[in-house]
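Contents: one structure, followed by commentary.
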Amino acid sequence: MIQGKKMLVVSAHAADYVWRSGGVIAKYIKNGAEVHVVVLSFGVRGESNDLWKKEGATYESVKAERFEETREAARLLGVENIEFWDLPDYPMAPALDENVRERLIRKIRDVRPDIILTHDKMGEDVLNPDHNAVSRFVFECSIQANSNGVRIEGTKTTRQMRLFGFEPHQTELSHFVPGELVDITEVYEQKVAAMQCFKAQSHLIEYYRQRAFLRGNHIRRISGEQSYRYAECFSSFFPVAGEELV
């Protein structure tokens, strides 16, 4: 049941949340969930190669274009709750300090999400160490948000939420293990429109169209539901826990 759920998405760079979970984000919003997105960096240094080829490009000009791209993509997905923390990237790990840690724990406690989406739990993205650093960081902050001993003024401890990891770009090379397949057929065109905002990484648009088609094949085969055409895939940080096998 999607209606009434709360989801927090933590994206290392400006486009990660769109490539890897744009369909699920749009689907949850369309069906009555409350979705919050935190974009930690604009990916100026590591994910904006095409923009740097423009004559006269500077750090600030590239960042401004990335901001406009991701803001429009978020609008197309229906995202109203989005924050841009503007951390440096490539590498990002040094920026994930205690101030940012407290900020994310506070964000988790404020949103009180049922679900957190972020980078894959294996932390083995073969081409992007920023994604690995963010995965570990978000996991740690989620656990600390649940701890009564982590005292942050004005916040209340959360209860355990579900954590899911994005499917990385280089799936097989990164040892990604699928844990959940989610049908995104009803919002697939929204996702495509959002992806087309990213002129800095236009080479990835067709790749993620094909990935949604491939995962659509998988979800049809596994579920038996032939109306599923497109899907996104996530790892699960924790086993499913309940009163029956599901």
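The values are calculated or read from the model by the stated rules, or taken from the named source; none is laboratory data. All of these numbers come straight from a predicted model, not from anything done at the bench. All Cβ positions, glycine included, derive from the backbone under ideal geometry; neighbour counts span all protein chains shown.
Tell me yes or no: at least one residue of the stretch 121-141 is loosely packed, with under 15 Cβ neighbours inside 10 Å, at pLDDT 95 or above and among the charged types (D, E, K, R). Yes, the stretch 121-141 contains a residue that is loosely packed, with under 15 Cβ neighbours inside 10 Å, at pLDDT 95 or above and among the charged types (D, E, K, R). For the condition surrounded by fewer than 19 Cβ atoms within 10 Å (Cβ to Cβ), without any contact (Cβ under 8 Å) to a residue 40 or more places away in the chain and within 17 Å of the chain's Cα centre (by Cα), Pro94 does not qualify.
Screening Val187, Val240, Val177, Val192 for residues that are of a type in the set (Val, Ile, Thr), touching a residue at least 60 places away in the same chain (Cβ under 8 Å) and either outside any strand (DSSP E or B) or out of contact with any helix residue (DSSP H, G or I) (no Cβ under 9 Å at 6 or more places or on another chain) (or both) leaves exactly one candidate, Val187. Taking the criterion of being surrounded by 15 or more Cβ atoms within 10 Å (Cβ to Cβ) and under 17 Å from Pro178 (Cβ atoms), the residues of the stretch 221-236 that qualify are Tyr228, Tyr230, Ala231, Glu232, Cys233, Phe234, Ser235, Ser236. Scanning the stretch 194-214 for residues that are more than 17 Å from the chain's Cα centre (by Cα) and surrounded by 16 or more Cβ atoms within 10 Å (Cβ to Cβ) gives a single hit, Ala200.
Applying the set (1) closer than 24 Å to Lys5 by Cβ; (2) charged (D, E, K, R); (3) in contact with a Ser or Thr (Cβ under 6 Å, 6 or more places away or on another chain) to Glu124 leaves exactly one unmet item: (1).
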